[in-house]
Amino acid sequence: MKTGGKDARLHLPVTEEHAGRVPFVRIAIEDSTADFTTETWQAFVPLRLDWEKAPVPKITYRADGVVFKRGKMHAVANGVKADAALDSGKQAWRGAWSAEKIDVAGTPMPMPSLHGGGTIEATAEKITVAGNLRSDDGTYAADFSLSRPLAAGGKTLLTVTRAAMPWKEGSLAAGAIRMTLGTAQKTDFNLEVAHVSIGALMQSLTGEKVTATGAVSGTIPVTISKDGAVGFGQGTLTAEGPGSIIMPPEAIPGDNEQIALVRDIMKDFRYSQLSIAMDPAAEKGFSVMLTVEGNNPAVYNGRSVKLNVRLTGDVLDFIRQNIIFLTEPETLLEQGGAHEKN
């Protein structure tokens, strides 16, 4: 290790000549640990390391109980293996890593155990670890790379190429996520929502007051702020086909003729089109606009209507909703309610 001045850095021997200068045929480190602490994460790494000089310089690592903590998240990896050999022609150490079992706790939703594996490459300039993590059934998955410059003050860059997990009978996925570990920063990416149950989603948004059938898919911009808070941008989820929504009358506040009509329609609404739009710039904070087109067979001879309903948190805010037939409900119902009025 060179320690003089601001340019201090770790120098790896990346040629056989440099490796030959190591005055030991074999070096073994056992029953040791390395602790790493930054502003945002901690790691506890047991060390069982072997260095062999001949016939080709090689490093072997084995460990159980590797711990990583970030905020409330706590991960423990067992059955960790890593092997790297010197490729003198390429002036790099190359090898592979694997982990038999990784248990993660402290996440918003429980996660199954994961396993993983990938590649290792170390040059005179940086160390790169790439690979993937998977659950046994493949529903949880992540492809990533970690790159750490060896120069003093270098930061570890994490790139998530693709990550996916199950959610509400469908899945969530994201990719092209880049963040510098140990540094407070804003991170932006697009969240891909696929085949998510409308019924399960509506129950989350409305406190289980509404039931629905069908599934939605779409993309939602996501921002993780410097303090770790998660925010959503303007995005829209669209139904994959027709379905139904049943909204109990007591879930719809208000006491006038128009609201009574809405209650009747939503008792058994058969939609032909449905979309859920995120509105982060709403007057009272983040809200969701539900737009549906369809009919209730028992109301106005089943004529078609279009409704825009604003959902705020777990309360259905029909006071602030934009119902296109609010001013002339009977006329619009009789004409099919296909056009929105301002």
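Points worth noting:
- On the stretch given as the range 17-64, residues that are open to solvent by 50 Å² or more (accessible area, probe 1.4 Å), assigned to a loop (DSSP other than H, G, I, E, B) and over 30 Å from Asp227 (Cβ atoms) total 9.
- Residue satisfying all of: in the range 157-203; of a type in the set (D, E, K, R) and out of contact with any Pro (no Cβ under 9 Å at 6 or more places or on another chain); surrounded by the most Cβ atoms within 10 Å (Cβ to Cβ) among these: Lys168
- Of all residues in the range 65-97, exactly one satisfies the criterion of being small (Gly, Ala, Ser), more than 30 Å from Lys226 (Cβ to Cβ) and open to solvent by 60 Å² or more (accessible area, probe 1.4 Å), namely Gly89.
- Selection count, the range 294-303, where residues are without any contact (Cβ under 8 Å) to a residue 24 or more places away in the chain and either among the hydrophobic types (A, V, I, L, M, F, W, C) or surrounded by 19 or more Cβ atoms within 10 Å (Cβ to Cβ) (or both): 0
- Within the range 287-325, restricting attention to residues that are at negative phi and of a type in the set (Ser, Thr, Tyr), the residue that is modelled with the lowest pLDDT is Thr312.
- The residues of the range 125-138 include none that are in contact with a strand residue (DSSP E or B) (Cβ under 7 Å, 6 or more places away or on another chain), open to solvent by less than 60 Å² (accessible area, probe 1.4 Å) and assigned to a loop (DSSP other than H, G, I, E, B).
- Search result, residues across the range 98-122 that are buried (at least 16 other Cβ atoms within 10 Å of the Cβ) and either acidic (Asp, Glu) or assigned to a loop (DSSP other than H, G, I, E, B) (or both): Met111, Glu121
- On the stretch given as the range 204-213, residues that are modelled with pLDDT of 90 or more and open to solvent by less than 40 Å² (accessible area, probe 1.4 Å) total 1.
The values are calculated or read from the model by the stated rules, or taken from the named source; none is laboratory data. All of these numbers come straight from a predicted model, not from anything done at the bench. Neighbour counts run over all protein chains shown; Cβ positions are idealised from the backbone, glycine included. For accessibility, only protein heavy atoms count, side chains too; no ligands or nucleic acids. Shrake-Rupley method; radii C 1.70, N 1.55, O 1.52, S 1.80 Å.
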